[in-house]
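These notes concern the structure reproduced below.
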Amino acid sequence: MKLEKTKVERILDQKKIVYDSYTYQQDPKLTGEMIAQQVGIDPNRMFKTLVTVSNKNTYYVFVVPVNKELNLKKAAKITATKSIEMIKMKDLLALTGYVHGGCSPIGMKKYFTTYIDESAKAFEKIVFSAGKVGRQVDVSLVDLQKVIKVEFGQLTD
């Protein structure tokens with residue numbers, strides 16, 4: 001059975017970016033580490049996309065390993081704001097066009113400044129959501145930077 005391409009996959013195809021796709025069984029109880037295990041990927045190489053808002057009401061996207069947590073103090077420091085907090089889950093779809101568990105740094109309704117944890121630099125390619133729950137893409141950092149502008153920083157403990 002051939003799966004319909006996600007918005008992220010169509011964008012990557014448009015830009016002639018080579019990528020691998022993974023699917024996994026959808027289950028709300030699955031953690032990012034469990035998903036990494038299910039698709040046979042090192043959890044340090046699989047990343048989640050988190051959307052935040054600053055005290056100045058500016059939105060930022062952070063891409064961190066699935067087995068780590070975003071350090072909000074480090075996030076505030078890197079964005080030169082006083083504080084950062086996660087956006088409310090109910091606001092995610094309207095803001096980004098993606099649902100919780102299927103949020104990708106590629107293809108949001110509008111571009112937000114995007115930071116990737118510097119641990120990603122240890123890998124040639126990283127895995128992140130293809131924009132739909134149950135789907136992941138594996139893309140080189142060099143190619144990802146051809147699609148969206150990203151900055152790197154120490155975002156986790």
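Roughly how many nanometres apart are two label points built 7 Å out from the Cα toward the Cβ at K146 and N67?
Using points 7 Å along Cα→Cβ, the separation is 3.0 nm.
Working out 0.36 nm times the residue gap between Q26 and V99, then minus their Cα-Cα distance, what length gain in nm do you get to one decimal?
Gain on stretching Q26 to V99: 24.9 nm.
Report the Cα centroid-to-centroid distance between the stretch 35-78 and the stretch 113-157 in angstrom, as an integer.
First find each Cα centre; the distance between them is then 10 Å.
Using a cut-off of 12 Å between beta-carbons, work out the net charge of the residues near R135 (Lys and Arg +1, Asp and Glu -1, R135 not included).
-1
Which residues' amide hydrogens lie under 5 Å from the amide hydrogen of T49, considering only partners 5 or more residues apart or on another chain, with H built in the peptide plane?
S129
Please report the net charge: other residues with Cβ closer than 9 Å to the Cβ of T114, K and R +1, D and E -1.
0
Could you give each residue of the stretch 139-152 its phi-based ³J(HN,Hα) in whole Hz, using Karplus coefficients 6.51, -1.76, 1.60 with θ = phi - 60°, and x for Gly or Pro?
Working through the residues one at a time gives 10, 6, 4, 4, 5, 4, 6, 7, 9, 9, 7, 10, 10, 10 Hz.
Which value, in debye to the nearest 20, gives the size of the charge dipole of the stretch 51-157 about its Cα centre, when Lys and Arg are +1 and Asp and Glu are -1 at the Cβ?
In total the dipole reaches around 360 debye.
What ³J(HN,Hα) values, in whole Hz, does the Karplus curve 6.51 cos²θ - 1.76 cosθ + 1.60 give for the stretch 26-32 when θ = phi - 60°, with x put for Gly and Pro?
Going residue by residue, I get 6, 7, x, 7, 6, 8, x Hz, with x marking Gly and Pro.
Please report, in whole Å³, the volume per residue of the convex hull around the C-alpha atoms of the stretch 21-78.
Residue-normalised Cα hull volume stands at 107 Å³.
P(r) of the stretch 31-157 in 10 Å steps, Cα pairs, percent per bin?
Histogram of Cα-Cα distances, whole percents per bin: 13, 48, 35, 4, 0.
Residue by residue through the stretch 5-21, which ³J(HN,Hα) values in whole Hz follow from phi under the Karplus form 6.51 cos²θ - 1.76 cosθ + 1.60 (θ = phi - 60°), with glycine and proline marked x?
5, 7, 4, 4, 5, 5, 5, 4, 4, 4, 8, 6, 8, 7, 8, 10, 10
Which cross-chain or sequence-distant (5 or more) residues have an amide H under 5 Å from the amide H of Y115, H modelled 1.01 Å from N in plane?
V61, F62, V63, E151
Looking only at trypsin sites (Lys or Arg not before Pro) in DSSP loops with at most 12 other Cβ atoms within 10 Å, what is the longest site-free stretch of the chain?
111-148
Just to confirm a number: summing +1 for Lys and Arg and -1 for Asp and Glu over residues other than E85 whose beta-carbon lies under 14 angstrom from that of E85, what do you get?
+3
Within the stretch 58-157, report the GluC sites (Glu not before Pro) that DSSP leaves as loop and that have at most 12 other Cβ atoms within 10 Å.
Answer in residue order: E69, E124.
Here, each number is a calculation from the coordinates, and none is a lab measurement. Predicted, not measured: the structure shown is a model, and the values here were computed from it. A quick note on method: Cβ atoms are made from the backbone with ideal geometry, for glycine too, and the neighbour counts reach across all protein chains shown.
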